[in-house]
1. Put +1 on the Cβ of every Lys and Arg and -1 on every Asp and Glu Cβ in the chain; which of 7, 135, 239 then has its Cα farthest towards the positive end of the dipole?
2. Taking the simple approach of a point 7 Å from Cα along Cα-to-Cβ for both residue 95 and residue 168, what is their distance in nm?
3. For the chain, modelled as a GNM with alpha-carbon contacts under 10 angstrom, which of 225, 289, 135 fluctuates the most?
4. Consider the candidate values (i) 38, 24, 17; (ii) 27, 25, 19; (iii) 35, 22, 18; state which one is semi-axes √(5λ) of the Cα gyration tensor in Å computed from the structure displayed.
5. Relative to a virtual label point 7 Å from the Cα of residue 123 in the Cα→beta-carbon direction, which members of segment 13-55 show backbone nitrogen distances below 20 Å?
6. Need the full-extension length gain, residue 135 to residue 7, defined as separation in residues times 0.36 nm minus the C-alpha distance. One decimal, nm.
7. For segment 198-264, state which trypsin sites (Lys or Arg not before Pro) are in a DSSP loop and have at most 16 other beta carbons lying within 10 Å of their beta carbon.
8. What residues of segment 196-224 lie in the reach of a label at residue 41, counting those whose backbone N is under 18 Å from a point 7 Å from the Cα along Cα→Cβ?
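The numbers here are math on the coordinates, done by the rules we state, and not lab data. Because the structure is a prediction, the values reported are computed rather than measured. Cβ sites come from the backbone with ideal geometry, for glycine too, and all protein chains shown count toward neighbours.
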Amino acid sequence: MLTETETRLLGVMMALIMLGMGASLTFRDFLIAFRKPKGVLVGLVCQYGIMPLLGCTLALLLGLPPALAAGLILMGCMPGGTTSNIFTYFSKGVLALSIMMTSVSTLVAVAVVPPLIALYSGVAGVSGEFVVPAANVAQVLVVLLVPTVLGMVLRKANPNIGATVELIGGLLGVLVILFLIVSWVPRNHQLLATTPWPVYFAAIGLGLAGMALGFGLARLLREDANRSRTIALETGIQNGPLAVLIVTLTFTGELQQQVLLIPVLYSLFIVLTSTAVTLWFRRLSEREALARDRAKVGSLPVAPAR
């Protein structure tokens with residue numbers, strides 16, 4: 001489990017991350033998104049349609065005990081994480097779509113995440129002390145909306161400062177995950193060594209399967225390949241630090257450690273798997289760009305011979 005000091009530090013870092021996310025937006029961005037909402041709507045379907053169902057399905061198929069199932073379902077119900085924006089940038093995806101999907105999924109989370117957790121917890125048979133209270137989740141999400149709105153106001157008041165805060169917020173998303181790894185893993189190495197393979201499969205599979213299903217659904221709904229890859233990253237990369245914060249504010253003692261296991265493992269492995277997927281997506285993007293350039297050259301009229 002995390003210490004009280006680490007929990008407080010995590011809360012402060014999450015507030016700074018949300019401030020950075022807000023600073024990446026302007027109110028005009030939302031107007032543009034609402035005029036052409038298809039990409040964002042497809043992303044929301046992937047985020048809150050695929051991921052919670054996937055988390056519940058994995059919990060049932062793998063026969064996870066209630067505490068671990070609760071952590072997995074919570075992880076599946078989380079909004080997109082700001083680290084997806086960084087991976088989208090390096091994969092040469094559609095960064096504006098990624099940022100808008102992260103922001104909208106976070107804003108919508110206040111209304112949809114608590115009932116989704118309640119629904120899928122019931123389906124998976126999670127009850128009693130293992131249930132993550134919907135009120136706790138809603139309170140944390142509402143509190144984190146405050147720095148998000150402040151970031152937007154800051155961006156409007158001073159674009160240069162807003163851009164700096166945006167960069168800091170994105171980098172903090174990665175640093176929070178590294179913080180969790182450095183602070184939690186060494187103290188719990190024996191637990192990790194004795195953790196059975198289904199738990200690792202669930203923590204790793206949630207992100208990878210989410211990316212694959214997000215890409216497939218986006219293509220099915222006729223998004224182009226590059227936008228589909230962006231939606232895939234946004235779908236599979238959940239807000240792990242937010243899940244960890246909710247767990248630490250909800251549970252204590254041994255129960256906290258059990259519920260916390262999958263969100264921490266997910267946060268650890270999503271960096272590794274997303275890096276591999278990003279390199280692959282980047283290669284595909286470069287090939288597509290090269291193919292377009294060749295097509296343009298081939299379509300140029302040939303000058304008549306003299």
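1. Comparing the listed Cα positions along the dipole, 239 ranks first.
2. About 1.9 nm separates the two model spin labels.
3. Sorting by GNM fluctuation, first place goes to 289.
4. So the calculated entry is the one marked (iii).
5. Label zone hits: 42-55.
6. Values: separation 128, 0.36 × 128 = 46.08 nm, distance 1.91 nm.
Residue separation times 0.36 nm, minus the Cα-Cα distance, leaves 44.2 nm.
7. Details: sites: 219, 222, 227, 229; in loops: 222.
Sites meeting the loop and neighbour criteria: 222.
8. Of the residues in segment 196-224, 217-224 have backbone N under 18 Å from the label point off residue 41.
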